[in-house]
1. State whether the range 252-327 is rounded, prolate or oblate according to the following rule on the C-alpha gyration tensor (a ≥ b ≥ c being the square roots of its eigenvalues): a/c under 1.5 gives rounded; otherwise a/b larger than b/c gives prolate, and the remaining case gives oblate.
2. What is the dipole size for the chain, taken about its Cα centre, with +1 at each Lys and Arg Cβ and -1 at each Asp and Glu Cβ, in debye to the nearest 20?
3. Note down the magnitude of the dipole of the range 323-461 about its Cα centre, charges +1 on Lys and Arg C-beta and -1 on Asp and Glu C-beta and zero elsewhere, to the nearest 20 debye.
4. What's the angle, to the nearest 10 degrees (0 to 90), between helix 512-521's Cα axis and the longest principal axis of the chain?
5. Where the Cα atoms of the range 143-243 are projected onto their three principal axes, how long is each span, largest first, in whole Å?
6. What percent of all Cα-Cα pairs in the range 472-623 falls into each 5 Å bin, going from 0 up to the bin containing the maximum distance?
7. Per residue of the chain, what 222 nm ellipticity follows from adding -39500 (n - 2.57) for every DSSP H run with n ≥ 4, rounded to the nearest 500?
8. How many percent of all Cα-Cα pairs in the range 488-574 sit more than 23 Å apart?
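Each value in this text was obtained by applying a stated rule to the coordinates, not by laboratory testing. Everything numeric in this text was worked out from a predicted model, so none of it was measured. Don't worry about glycine lacking a Cβ; one is built from the backbone with ideal geometry, like all the others, and counts go over all protein chains shown.
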Amino acid sequence: MFLTCRGLSAAALLLLLSCLSYAAGAELADKLRDDSELSQFYSLLEQNPVANSTLALRSCTIFVPTNEAFQRHTGTTHVLYHITTAAFNKDQLPNSVSSDMEGNPPLFITKNRNGDIFVNNARIIPSLSVELTNREGKRQVMHIIDEVLDPLTTLSTAQVQITNPDALEFMQKADLLNIGESRLRTYRNQVLMAKKESLFQAAGAHTFLIPIDDGFKVATRSSLVDAKVIDGHVIPNTVIFTAASRHDDPKTSAAFEDLLKVTVSFFKQKDGKMYFKSNTLVGDAKHAEGVVLAEIVKANIPVKNGVVHLIQRPLMIIDSTVTQFLQEDSKNGALRKFYEAIMDNGGAVLDDINNLSEVTILAPSNEAWNATSINNILRDRKKMIEILNMHIIKDRLNVEKIRQKNANLIAQVPTLNNHTFLYFNVQGEGADAHITVEGGGVNATVVQPDVAQTNGFVHIIDRVLGVPHTTVLGKLESDPMMSDTYKMGQFSNFNDQLNNTQRRFTYFVPRDKGWQKTELDSPSAHKKLFMRDFAYHSKAILERHLAIADRVFTMSDLVKMSQQTDNVVLPTFRDSLQIRVDEEAGRYVITWNYKKINVYRPDVECTNGIIHVIDYPLLEEKDVVVSGGSYLTESSICITLANLIMITVAKFLN
């Protein structure tokens, strides 16, 4: 009996150990099963015998998409593409790992500068990774990812299975692969003619940009795809998956040598559209310098030796005029709304562009047209045509030429809109250059410069010029050309009124260089103007520059008014401003107190008024008297008054 009990106890202990061992072996599956956020992947895993066998018997790393990732995903999910038969925690992940799917297609690992880790285009959620050991003693790691991994697969109608092709085989057998409706025959033929097959067979991890057939509708375009252009579509030794990559981070293409230097970068617009762009930094007789944009048609296609992106048109090739570029882009491109604005207002602006032998366009992005301030003028055709013409320059201006103009001062460039100039400012060098342009009171940033065309350039900007979005105060505060006037107005609280949207201001604002000229003419007076003790004088001077009425006065208004009378009288806060405005050699000139003052920037529109930037302040010698002790500062007055009071009190007490 005793022996029997001992035998039963041993059997029970063995059973218990067996159960514990089983629990440990099933732990990873249990974690998947018990996590409601991973239920969809677990359901697929349960149905896959190879995956279950791997979990039971082998070391592995499993990349598990969340349920939210499945909600965004369409198509078949390939469980084995999410598993590799070696265990890697986040720190151990190499640049690529072989998946357990048939043919063992690789998964590419990218670590970005923020510390995020990506598997192909899916980000590993760092706090959710788990490392366990199964009942066979095999180490296993589970990483949770935010996107379902999509391998390259063969069409169900294909007679042969294509597993793990390299980029060349991908192009050669593209018609048999699940890549949508796009065809690659034209570009593939050019690759074969140029004998560049080895570029697409190279071992390693590269990025291949392949233009689809629709991008070769221009009859002569395919003939321009030579060996160097093909090199410019490959980024060697770097895989760029769109979610994992930095925007506007230029990478050296295979076309980067002494006589030809081409970089390629990726960027994404706010509307979700993604683009690659080539920038030919150093060109030659066949390959012009400049930027070419191509929208991504299908992104992130993994192949044996890297990743493929299908793009709308070939990079590097500059074979369209500015007009043709806008028309090509009109369907669904980065400047679709700019083109629509032109056509909605009769299309005459496009004809004007087409008639220019050299032209530069400052084209607002699609997002720029979403500003609510634009809705108020969309139906005003005359105003819209003026605004559109403000974005057109009758010259070829790339960033380098703008920089040359900007060498010693803010570059001032005339536009197609009569009497309207754009003012460029360039800071920084190369890829770090920050370019702004001001026109009609709006300051915009150039988000994509130097999109090259045969007869000029297109620069994409982030605002529509000429459509004000800030008050007079906001403009004064943000514009570097008006900073001195802004500082002077702060001393005496003069600026406070300039945010009032119930009034209409016409402000003649001296630019900073104008105030600097007063320093040469009267150094002592200039110094006092920017001292708080002289705020009363500063305020009185600024009041002279500010007309307050129920309307604004543009420069053309003032010219017409001056033609009817010798002096135009404008109401100011305390008195009135009497001036005359004439147009001389295409520029406006103000006459005030027998002085002629040039208007440097007319008609800077704001939501509650208009600013005219002038070359010199409306200043008289008597405005700030500082010689001979004839003027006492506020602090001196206070001291003098205090002394007088003390003397009076002393006399009274005596």
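1. Numbers: a/c = 2.18, a/b = 1.17, b/c = 1.86.
Verdict is oblate for the range 252-327.
2. With only Lys, Arg, Asp and Glu charged at Cβ, the dipole is about 380 debye.
3. Charge dipole, the range 323-461, about its Cα centre: 260 debye, nearest 20.
4. The angle comes out near 40 degrees.
5. The Cα atoms of the range 143-243 stretch 47, 34, 23 Å along the principal axes, largest first.
6. Reading upward from the zero bin: 2, 10, 20, 25, 22, 15, 7, 1, 0.
7. -8500 deg cm²/dmol
8. 34 percent
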